[in-house]
Amino acid sequence: MENRLLVSASPHIAHKDSVQKIMFGVVIALLPAAIGGVYFFGAQAAWTIVLAILSAMITEALIEKLTKKPITIADGSAIVTGILLAFNVPPEVPWWIPVIGSAFAIAIGKIPFGGLGYNPMNPALLGRAFLLASWPSHMTIFKVAPRGGSLSGINPHAIVNYGLDAITSATPLNVFKTQRGILSEWRDVLKSGIENPVLQAKANLANNAISQLSDSYANLFWGKVGGCIGETSVFLLLIGALYLIYKRYIGLRIPLTYIGTVALLTWIFAGTEGFFSGDPLFQVLSGGLILGAFFMATDMVTSPVTPKGRVWFGFGCGVITVIIRLVGGYPEGVSYSILLMNLTVPLLDRYTKPKTFGKVEQK
Amino acid sequence: MRLKKLTFKGGVHPHEYKELAEDKAIEVMPAPELVIIPVQQHIGAPAEPVVAVGDEVKIGDVVCQAKGFVSVPSHATVSGTVKAIDPRPHPVGGKVLSIIIENDGKDEWSPDIAFDENYAELDADEMKKRILNAGLAGMGGATFPSHVKLSPPADKPIDTFILNGAECEPYLTADHRLMLEKTRDILEGVKIIMKILGCKNGYIAIENNKPDAVRAMRQAVKEMKMDAEVVSLPVKYPQGAEKQLIKAITNRKVPAGGLPMDVGCLVHNVGTAKAIFDAVSSKKPLIERVVTVTGLGINEPKNVLARIGTPFQNLIDFCGGLKENTIKIVNGGPMMGIAQYTLEVPVIKGTSGILALTEKETALRDPDPCIRCARCVDVCPMNLLPNEMARQIEYDNFEEAHKLGVLDCIECGSCSFVCPSRIRHVHLFKYAKLEITKSLKARA
Ligand code: SF4
Ligand code: SF4
């Protein structure tokens, strides 16, 4: 009997959760949006998701095999990376895009740092950034309209009635960005006093388009809008997010500060009629914000561990997202803002260390 | 009614397994044939043996004497002959010099022990002397000498006494049973403590998973016309940790590195209060205690009144023996107790439980890398960064771990409990504390 007794340090009991359980929990949470992506964009979206997952897992297993390390694909984190990568590419990309993206995510973004737990940046987002830099045309052109909706999310009858068809062959944020650009150009011209009927007509259309965008909340919410495979349906993403919150796999600090910051800043700055004329709801519902805020900014490995650090992290993501959306070169800034904030995590953790219980403030 | 919620930050909710033994009345176990009395059953200097091999002893005779102020004596817990004095495996680790007494079966008591009707009139110093002579050390597991706790320096007056009946460790039910079965003795102990300290506020703190104990205490407090409040606390581990308990009840924060007396508080465990009553009223030394023998690996979980020095094996046999699937034996509770490699170790003054754990409960696994999920940070009642401290210690970076506050860690185990990667935080922290105190001493 006695030599069978195990001796190890306390505590002698443990919570049931494991890394694997958490990762598969995230996979489950991503399922509604994955199914939605396939429903809205068709079979090619399904292929993209499958290839991204396979590529992530095979890359990880292969490298670990070659370097004679334990194979870790059973922990489920490569699957999560694969799904997130697929979620962040347009539905019509060629088959090799998800394959290369996932391989890059794992081979460059994860393994060299020591694998799960050690990577400073979210591997899926790094893979996406690589794809965007290398094949921008594949990554930024959206052609497939979702089943039952339109690319821009503007209702089809409005497109016909207002003659908007010329400017609605892009995602909502794209439309927003270009039309807002036209409006500000038109204002500049107006100020100079020079008559320009062509621009005037364009500006009318732009005004029209932007107000139509603001009427497209329902389409944005359900996902009847163009965009990357997994980012379009706020509804399906929120179902998954609620599951993660219920399981306590994610907290609310990061997503809420992130979304709140975007809402506040876009309300102040993203209007077409000066300060405080923006449409925060449109900004929150469109693009990859919900996906990013609940599933990527909350990535445990690459976000702060301290409660205050998480608030600052969410805030920083929000600020950078809004800056990119309003003045940057891309219509959308969620991925880059999260990647940038990933780099600040060591600093945030260091400077927001909680005060030890009973510690008196020291100068 | 209090408006503030009686709680503290952090903490966890492990499965309790209290149902295994909470309804089992305390059973008196016959004295074993042999008892093993280690000279160290408390924090502080080991006691010095005052008997020799071959000596005859009676129950209650001193077998080792306190050495210095922070030290307590121990007593014979059976009558019989001293068989050996040599190092024996100790439930807190390693081998410790122990006095082995063979029971003659006569159960003869030392003549000094008798109930003194007028004990309540004794002055504080006499009471403290009796407490010291009885060899009392905290029975909740921390085993700090009781008379030392009751002698605060003059510049740290104590105005609040808290009786710790939280028993927040899962599985353990010894204090629960004691509160039900020895309610009045415990409260008499509380009176003695409050008299010694001359303090005004008395609280009896019980987690609300023991409503019957709360009721019994409230009833008895009323009947005895005591000026003390019975507070029912939410169930959360480590509710019974001194600093967390004081925070929950008085909202005072014991300074980091400080003691409860720094905020005018003193905490004693239920078992200790009962023993204090016995010591002061009858000069009865600490020769027995209630031990919860439980866990899914035990055939008949029980609360047992056992002699100090009883080998674990005897207690386990008394409880129907072990099941085949037992993989771990623990002295104390599952969160802070110590795993044993042999059943030869004896029950000591701080042994609140003996757990026989099966694979199902221990959920043992090899550690995975930290995924920075921050659960450990969220649950740490001391507001530390367990993940970061563990990482630094793994790199032997004790200096940094020290800066991160590892010395403030109360080793409650909440961080390891919730860690999905099963990082062995507490193990690392204990190791780092040793290393740091060593190097601090070297520097001083
Ligand atoms: S609970 Fe474990 S995995 Fe999570 S941050 Fe703490 S040490 Fe890392
Ligand atoms: S670091 Fe120490 S005090 Fe904090 S949870 Fe872990 S064991 Fe408890």
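Annotation: lysines with alpha-carbon distance below 16 angstrom to residue A:353 (same-chain offsets under eight excluded): A:308, A:363, B:9, B:403.
Is the shape of chain A best called rounded, prolate or oblate, per the rule: a/c under 1.5 gives rounded, else a/b larger than b/c gives prolate, else oblate, with a ≥ b ≥ c the square roots of the Cα gyration tensor eigenvalues?
Working: a/c = 2.31, a/b = 1.63, b/c = 1.42.
Because a/c hits 1.5 or more and a/b exceeds b/c, chain A counts as prolate.
The orientation-averaged projected area of the convex hull spanned by the Cα atoms of region A:1-86 comes to 8.7 nm². Highest mean packing first, where packing is the average number of other Cβ atoms within 10 Å per residue, the peptides A:80-92, A:250-262, B:277-289 line up as A:80-92, B:277-289, A:250-262.
Counting only residues at least eight positions apart within a chain, or on another chain, the aspartates and glutamates with an alpha carbon under 13 Å from that of residue B:236 are B:16, B:167, B:169, B:207. For region B:159-170, 3J(HN,Hα) computed residue by residue from phi via the Karplus equation (6.51, -1.76, 1.60; θ = phi - 60°) reads 10, 9, 10, 10, 8, 8, x, 5, 6, 7, 4, x Hz, glycine and proline entered as x. The spread of Cα positions in the protein assembly as shown, taken along each principal axis and listed from longest to shortest, comes to 115, 57, 52 Å.
Each Lys and Arg Cβ is given +1 and each Asp and Glu Cβ -1; about its Cα centre, the protein assembly as shown then shows a dipole of about 1780 debye.
Remark: mean inter-chain Cβ contacts per residue of A:16-26 equal 3, using a 10 Å Cβ-Cβ cutoff to other protein chain atoms.
Put simply, region B:3-46 fits an ellipsoid with semi-axes of 35, 23, 11 Å; these come from the alpha carbon gyration tensor as the roots of five times its eigenvalues, largest first. Protection proxy ranking, highest mean first, for peptides A:71-78, B:380-387, A:276-283: B:380-387, A:71-78, A:276-283, where packing is the per-residue count of other beta-carbon atoms within 10 Å, averaged. With the simple spin-label model, which puts each label point 7 Å out from Cα in the Cβ direction, the residue B:434 to residue B:120 separation comes to 4.9 nm.
Principal-axis analysis of the Cα atoms of chain A puts helix A:123-134 at an angle of about 40° to the longest axis. For chain A, modelled as a Gaussian network with Cα springs under 10 Å, which listed residue fluctuates most, A:191, A:308, A:69? Evaluated over chain A, the most mobile residue of the options is A:191. Once backbone amide H atoms are built at 1.01 Å from N, residue B:310 has B:36, B:347 as its partners under 5 Å, excluding neighbours fewer than 5 places away on the same chain.
If I compute solvent accessible area with a 1.4 Å probe over the protein chains, what percent of it on chain A is carbon and sulfur? That fraction is 67 percent.
Efficiency by 1/(1 + (r/R0)^6): what FRET value for residue B:104 and residue B:443, r their Cβ-Cβ distance, R0 = 51 Å, to the nearest 0.05?
Numbers: r = 53 Å, r/R0 = 1.04.
The computed FRET efficiency comes out at 0.45.
Residue by residue along B:409-415, Cβ atoms of other protein chains within 10 Å of the local Cβ number 2 on average.
Give me log10 I(q)/I(0) at q = 0.20, 0.21 Å⁻¹ for region B:245-348, Debye formula, one equal scatterer per alpha-carbon, no solvent. Once normalised to I(0) and log-transformed, intensities are -1.02, -1.06. On a straight-distance basis, which aspartates and glutamates could pair with residue B:149 in a cross-link, Cα separation under 16 angstrom, same-chain partners fewer than 8 positions away excluded? Of all the aspartates and glutamates, those that pass the test against residue B:149 - Cα under 16 Å, at least 8 places apart if same chain - are B:125, B:126, B:159, B:242, B:262. Its Cα gyration tensor gives region A:125-271 an equivalent ellipsoid. The semi-axes, each the square root of 5 times an eigenvalue, are 32, 19, 17 Å from largest down. Relative contact order of chain A, taken over Cα pairs closer than 8 Å and 6 or more residues apart, is 16 percent. When the trypsin sites (Lys or Arg not before Pro) in region B:149-244 are filtered for DSSP coil states and for at most 14 other beta-carbon atoms within 10 Å of their beta-carbon, the remaining sites are B:200, B:225.
May I ask you to order A:126-132, B:365-371 by the average number of other C-beta atoms within 10 Å around their residues, highest value first?
A:126-132, B:365-371
Please report the projected area of region A:141-204's Cα convex hull averaged over all directions, in nm².
On the way: hull surface 18.8 nm².
For the Cα atoms of region A:141-204, the hull's average projected area reads 4.7 nm².
For region A:349-354, the Karplus equation 6.51 cos²θ - 1.76 cosθ + 1.60, evaluated at θ = phi - 60°, returns couplings of 4, 5, 8, 10, 4, x Hz by residue, with Gly and Pro reported as x. What share of all Cα pairs of region B:295-444, in percent, falls into each consecutive 10 Å distance bin? Percent of Cα pairs in each bin: 11, 33, 27, 22, 6, 0.
Left without a cysteine partner by the 4.7 Å Cβ rule in chain B: B:64, B:168, B:199, B:265, B:319, B:370, B:373, B:380, B:409, B:412, B:419.
Multiplying the residue separation of residue B:52 and residue B:407 by 0.36 nm and subtracting their alpha-carbon distance yields 123.8 nm.
Within the listed set B:198, B:295, B:68, the Gaussian network model of chain B (springs between alpha-carbon atoms below 10 Å) gives the highest mean-square fluctuation for B:68. Peptide B:337-344 has a mean of 4 when you count, residue by residue, the C-beta atoms of other protein chains within 10 Å of its C-beta. Chain A and chain B together bury an accessible surface of about 4300 square angstrom, both sides counted, with a 1.4 Å probe and no ligands or nucleic acids included.
Test of the criteria: in region B:290-366, which GluC sites (Glu not before Pro) are in a DSSP loop and have at most 10 other Cβ atoms within 10 angstrom of their Cβ? Intermediate results must be reported in sequence, preceding the final value.
Working: sites: B:324, B:344, B:359, B:361; in loops: B:324, B:344.
Sites meeting the loop and neighbour criteria: B:324.
Karplus-based coupling profile of region A:62-69, in residue order and whole Hz: 5, 4, 5, 5, 5, 8, 6, 9, with θ = phi - 60° in 6.51 cos²θ - 1.76 cosθ + 1.60 and x standing for Gly or Pro.
Using the reciprocal of the averaged 1/r over all distinct C-alpha pairs, how large is the Kirkwood radius of chain B in Å? Don't skip to the answer; put the middle values down first.
Details: mean 1/r = 0.0447 Å⁻¹.
Across chain B, the inverse of the average 1/r is 22.4 Å.
The values are calculated or read from the model by the stated rules, or taken from the named source; none is laboratory data. The structure presented is a predicted model; accordingly, all values stated were derived computationally and were not measured. Glycine gets a Cβ as well: all are built from the backbone with ideal geometry, and neighbour counts include every protein chain shown. Just so you know, the surface numbers come from the protein's heavy atoms only, side chains and all, with ligands and any DNA or RNA stripped out. Shrake-Rupley method; radii C 1.70, N 1.55, O 1.52, S 1.80 Å.
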